[in-house]
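A.B. asks: Dropping a structure here in structure tokens format, bear with me for questions.
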Amino acid sequence: MRIGFYILGLGFLFSATSLHAMTDQTYGLGGMTSGRVSSVTSETENPFTAVLNPGLIAAIPEKRFGFAMNWVHAQMDNPTNVLLDSQEYRTRTGQLRSGTANIPEVTNTLWAAGYTQPFRLPFWKDHRSGFGFSVSGPIKEFRRWLALSPYDFTNLRYGNSDVQFKGSLGLGLELIPNHLYIGGSLAVFLTSAGVSEMDLGSSNSLGRMMMDVGFNSATIFGMYGNFGKTGASLVYRQSVRPVFLQRIDGTLDLNGSPVANQPVTVKSTLYYEPMIVEMDLQRNFDDFVLSAGVAFQQWSQYEPSYLRVATKDASGVERVTKPPFTQFRDTWNPRVSLEWRGLRGLRFGTGYQLRPTPVVDISTMGNIIDTDVHVLGLSAAVDLGRNEFFNNMLLAMHGQYHFMAPRQVVKADPDFIGAPGFTVSGRAWSVGASISSVF
């Protein structure tokens, strides 16, 4: 039995979890900003299971609640002595202009709340089920819509991350008592959508584009296996790719009668979260908890958020703006983490994750820049015990440092913005805290 489970665990390609889950760019929650570095999908102490791994919902013996806040800051180094403006590709001045490109800093402050409620099944003896929900969102900016320019320097990993309000509701079911659990969740996202009002009249003298809120959804499926001191999980997260699509009809009236019509279609990807398959294996050695895992991310389907405009000319031939071609590849993101529970009521953890870049070639016209990222994390938690209202209250704090490995870029054409070349590098860090309790 033990040998068979280890073979199953190797098939899951290693991974694990911790209560120290914090707000993430992916589905509003996750382990990217936890001290144990993504070890958040195989542990039955986590109240954020609806979005992390709904297969855990029925495995949690008591109802739990958790709240977390997190601050993330990222800064890329500014490329120096590169082409900023050219007559062929951008005509602000019509002249060649070189200098230092400014890549803005990215700062996000996010919050999250989670709850799980397990219950016994009256019609299925010795089996449990349960439900859970998770919600998250930014502290300041609630929504945004950004269409990229192919000529500007854009940080893929941090600069385009979505910070919308997100919520998920999940159900879990115990298939084999105390051993095997499955679950599913529906995640809902509030995103920026829009209606273009281009009537240059008294009610809209500036031809404003009025932004509104749109709903998008994605599914999450999870499995969790528990074999004594060893646990394993498998989680699937559907890709998220809401698209802004608007048709604008331009008309010209003469003496109150329409004499010309020019329809235009505007299209852009609002943001993108890849399809993710995450596999985890966790082993409890009494004073230590060892976790290892890998996440497959389908970045090859990514389309940058360039604004595409299509219309037809006088002969009926469609004219479409063509953004620069940028090739993306799927990535495997391995990680490992270790937590020490040797002192009564105290826990200390550390972890490492490699996040390889999905950008294959950045020597072309576009300037979506990215590189391999090494993530190092630390966490500490203290069990506050019981009080009048809560049981097993746990307070956790964590921090991460993201080191972006230097990547040399040589532009394929001397007239491309960014020529003759530059080095991609930078750093990011995060700090956060969370509190959870059993009711």
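The values are calculated or read from the model by the stated rules, or taken from the named source; none is laboratory data. The structure displayed is predicted, hence computed values, not measured ones. Cβ coordinates were reconstructed from backbone atoms using ideal geometry, including for glycine residues, and neighbour counts include every protein chain displayed.
A.B. asks: Inside region 77-95, can you point out the residues that are at pLDDT 90 or above and either of a type in the set (D, E, K, R) or under 18 Å from SER168 (Cα atoms) (or both)?
C.D. replies: Listed by number, the list holds a single entry, ASP77.
A.B. asks: Okay, moving on. State whether one or more residues within region 400-409 are free of Cβ contacts under 8 Å to residues at least 60 places away in the same chain and of a type in the set (Gly, Ala, Ser).
C.D. replies: yes
A.B. asks: List every residue pair whose Cβ atoms sit under 7 Å apart, with the two residues 6 or more apart in sequence or on different chains, where the first one lies in region 315-339 and is polar (S, T, N, Q) and the second, anywhere, is surrounded by fewer than 19 Cβ atoms within 10 Å (Cβ to Cβ) and assigned to a strand (DSSP E or B).
C.D. replies: Within 7 Å, the pairs are THR321/ARG308; THR321/VAL309; ASN333/LEU354; SER337/THR350.
A.B. asks: Right, another one. Look at ASP280 and say whether it is closer than 30 Å to ARG347 by Cβ, surrounded by fewer than 16 Cβ atoms within 10 Å (Cβ to Cβ) and touching a residue at least 40 places away in the same chain (Cβ under 8 Å).
C.D. replies: Here the answer is no, as ASP280 does not meet what is asked.
A.B. asks: Now for a separate question. So which strands (runs of 3 or more DSSP E) are wholly in region 55-106 and hold at least 1 residues that are hydroxyl-bearing (Ser, Thr, Tyr)?
C.D. replies: 97-99
A.B. asks: Among the listed residues ALA50, ALA21, ALA74, ALA59, which satisfies the condition of being at pLDDT 85 or above, under 25 Å from the mean Cα position of the chain (by Cα) and within 21 Å of MET393 (Cα to Cα)?
C.D. replies: Just one listed residue meets the conditions, ALA50.
A.B. asks: I'm trying to understand the selection: among the residues of region 116-128, which are surrounded by fewer than 19 Cβ atoms within 10 Å (Cβ to Cβ) and either of a type in the set (Phe, Trp, Tyr) or out of contact with any Asp or Glu (no Cβ under 7 Å at 6 or more places or on another chain) (or both)?
C.D. replies: GLN117, PHE119, ARG120, LEU121, PRO122, PHE123, TRP124, LYS125, ASP126
A.B. asks: Among residues belonging to region 197-253 that are modelled with pLDDT of 70 or more and of a type in the set (Ser, Thr, Tyr), point out the one that is nearest to the chain's Cα centre (by Cα).
C.D. replies: SER239
A.B. asks: Please state which of the following conditions TYR27 fails to meet, knowing it meets all the rest: (1) modelled with pLDDT of 90 or more; (2) aromatic (Phe, Trp, Tyr); (3) crowded, with 21+ Cβ neighbours inside 10 Å.
C.D. replies: Only one criterion in (1) modelled with pLDDT of 90 or more; (2) aromatic (Phe, Trp, Tyr); (3) crowded, with 21+ Cβ neighbours inside 10 Å is unmet by TYR27, namely (1).
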